[in-house]
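Please read the structure below before turning to the comments.
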Amino acid sequence: MSEGTLYDHVWDRHAVTELPTGQTQLFVGLHLVHEVTSPQAFGMLKKRGLTVAYPERTHATVDHIVPTADQSRPYSDDAAEEMMSELEANVGEAGIEFDDPTTGRQGIVHVVGPEQGLTQPGMTIVCGDSHTATHGAFGALAFGIGTSQIRDVLATGCVAMEKQRVRRIEVTGELGPGVTAKDVILTVIRKLGTDGGVGYVYEYGGEAVEAMDMAGRMSICNMSIEGGARAGYVNPDETTYEYLRGRDAVPAGDEFDELRAYWGSIRSDADAEYDDVVTIDGDSLEPTVTWGTTPGQGVGVSEPIPAPEDLPADKQDTARSAQAHMNVESGDTMAGYPIDVAFLGSCTNARLPDLRAAADVVRGREVHDDVRAMVVPGSQRVKAAAEAEGLDEVFTDAGFDWRNAGCSMCLGMNEDQLVGDERCASSSNRNFVGRQGSKDGRTVLMSPPMVAAAAVEGEVTDVRELDAVSEVRA
């Protein structure tokens, strides 16, 4: 195993003991909780007469089932109301801080953690959600965990894990106009595969990553799990520190300076050894979209869809099924693929910079007559900040539906779902069959600016062809 990476530094600082299973018992610095995966874990604690060991290190929000239109209680969906009520009772009894919709802080769990400064470099962070890797953008080790592990963390403040190998993904050069962090991570997954990261954590670096703002870094780390990696991270730097300065949970003054020194100390050493290194030429990238039913089935917007017989043997049948479901053909490009729905949202791409980039494309244009389009901010704070800048008016003037914060159509656990075989241009992270609420629905993943371009044109469109492209960067 390599030594000297951030992964090593943070792992070693949080290792409590080696377990008989060969796993390491890791102390958890932050446990994020939401309404879908926690009820059973709290129930297990009650059956055993246990309490939450570190409520001050636990933070809850509601995101998956919360309505994004009418949020009056009780919710119209009985299951959603039941989950919400159970979460309220569990966190209230345990003394866990809860960002419910009345606080002005509610939002997607992987948006509220960073924006409140709960997420910090050098931390171990867990949540019962696969996209917890998002928090690695800050130089944290962040892992999605299952229900039994949630129980263990609630009861002990620790989690049992196996140490992984580290793959360095070096993104060189400079991203061109219209090319974003979403295009980078879709390219990584396309190149390495949806299972290429199994057994690894991904360390992202290189000039293109270092030039990204925190929203971009969160996007690439967020989708590490789609490439099979256990986690993804970026070494903290001045961009990280300035983002965190002044956040709710971040100390000020001398204490901030002390923290900053620590944050710098856990960066990967200059001579760190990696188990694998992959280089991506950032200069060569173009806006990337998916043509199939996994995030690994992606292609540059001007590139032809591959023929199944040209792919590795173990991917050919999947490709044929995906092409049939999406109604696409080899040799065609995705440019011109008609869409019915445009969704701007999710823990991948619903932060303020994402909305700004999409608004730059939408401004002065109108949503195509055949498209229903919605914007779902990642949190109530993102929504308020966007409204303060007038972004809500840009979107609503164009014909978008401006909604409240939540996971929404990323997974369709509330009323925001595809209908029948609708085709959706989506800024989310998964395009599996049925992911957005309809088994016949078709999802095309892309960046927020590309979603905006598709919304106004009524089809997948190279955003670089629109005159707002000069404003659209990672």
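The values are calculated or read from the model by the stated rules, or taken from the named source; none is laboratory data. Model, not experiment: these values are computed from the prediction. Quick reminder, even Gly has a Cβ in these numbers, built from the backbone with ideal geometry, and neighbours come from all protein chains shown. With ligands, DNA and RNA removed, areas are computed over all heavy atoms of the protein, side chains included. Shrake-Rupley method; radii C 1.70, N 1.55, O 1.52, S 1.80 Å.
Annotations for the structure displayed:
- For segment 171-181, the count of residues that are buried (at least 20 other Cβ atoms within 10 Å of the Cβ) and more than 18 Å from Val289 (Cβ to Cβ) is nonzero.
- Ala359 being among the hydrophobic types (A, V, I, L, M, F, W, C), crowded, with 23+ Cβ neighbours inside 10 Å, closer than 15 Å to Ser447 by Cα and more than 17 Å from the chain's Cα centre (by Cα): yes
- All positions within segment 129-166 that are assigned to a loop (DSSP other than H, G, I, E, B) and either open to solvent by 10 Å² or more (accessible area, probe 1.4 Å) or under 19 Å from Leu244 (Cα atoms) (or both): Asp129, Gly139, Ala140, Ile145, Gly146, Glu162, Lys163, Gln164
- In a residue-by-residue description of segment 174-186, the property of being in a strand (DSSP E or B), within 19 Å of the chain's Cα centre (by Cα), among the hydrophobic types (A, V, I, L, M, F, W, C) and modelled with pLDDT of 95 or more applies to no position.
- For segment 187-203, the set of residues classified as outside any helix (DSSP H, G or I), under 17 Å from the mean Cα position of the chain (by Cα) and surrounded by fewer than 24 Cβ atoms within 10 Å (Cβ to Cβ) consists of Thr194 only.
- Wholly enclosed helices (runs of 4 or more DSSP H) of segment 365-458 bearing at least 1 residues open to solvent by 20 Å² or more (accessible area, probe 1.4 Å), of a type in the set (A, V, I, L, M, F, W, C) and within 26 Å of Gln71 (Cα to Cα): 380-388, 391-398
- Failed item, numbered, when Arg464 is tested on (1) open to solvent by 60 Å² or more (accessible area, probe 1.4 Å); (2) of a type outside the set (Phe, Trp, Tyr); (3) in contact (Cβ under 8 Å) with a residue 12 or more places away in the chain; (4) over 28 Å from Leu175 (Cα atoms): (4)
- Criterion: small (Gly, Ala, Ser), farther than 30 Å from His135 by Cα, modelled with pLDDT of 95 or more and in a loop (DSSP other than H, G, I, E, B) - qualifying residue of Ala350, Ala335: Ala335
- Listed by position, the strands (runs of 3 or more DSSP E) contained in segment 1-115 that have at least 1 residues being in contact with a helix residue (DSSP H, G or I) (Cβ under 8 Å, 6 or more places away or on another chain) and in contact (Cβ under 8 Å) with a residue 12 or more places away in the chain are 24-27, 30-33, 58-61, 97-99.
- Of all the numbered requirements in (1) more than 30 Å from Pro449 (Cα to Cα); (2) touching a strand residue (DSSP E or B) at 6+ places or on another chain (Cβ under 8 Å), Pro251 misses one, and that requirement is (2).
- Per-region count, segment 3-57, residues surrounded by 16 or more Cβ atoms within 10 Å (Cβ to Cβ) and hydroxyl-bearing (Ser, Thr, Tyr): 6
Residue-wise test of (1) touching a Pro at 6+ places or on another chain (Cβ under 7 Å); (2) closer than 26 Å to Ala452 by Cα.
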site: Ala140; (1), (2): yes, no
site: Gln149; (1), (2): no, no
site: Gly178; (1), (2): yes, yes
site: Arg190; (1), (2): no, yes
site: Ala229; (1), (2): no, no
site: Pro236; (1), (2): yes, no
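- Hits in segment 319-356 - residues which are at negative phi and open to solvent by 70 Å² or more (accessible area, probe 1.4 Å): Arg320, Ser321, Ala324, Glu329, Asp332, Arg356
- Test result for Gly406, without any contact (Cβ under 8 Å) to a residue 60 or more places away in the chain, on the phi > 0 side of the Ramachandran plot and touching an Asp or Glu at 6+ places or on another chain (Cβ under 8 Å): no
- For segment 181-193, a tally of residues being out of contact with any helix residue (DSSP H, G or I) (no Cβ under 7 Å at 6 or more places or on another chain) and under 19 Å from Glu465 (Cα atoms) returns 1.
- Tally of residues being free of Cβ contacts under 8 Å to residues at least 24 places away in the same chain and either surrounded by 22 or more Cβ atoms within 10 Å (Cβ to Cβ) or not in a loop (DSSP other than H, G, I, E, B) (or both) across segment 258-274: 3
- So Met84, is it more than 21 Å from the chain's Cα centre (by Cα), open to solvent by 10 Å² or more (accessible area, probe 1.4 Å) and of a type in the set (A, V, I, L, M): no
- Top-ranked residue in segment 204-234 [being part of a loop (DSSP other than H, G, I, E, B) and more than 18 Å from the chain's Cα centre (by Cα); ranked as nearest to Asp8 (Cα to Cα)]: Gly206
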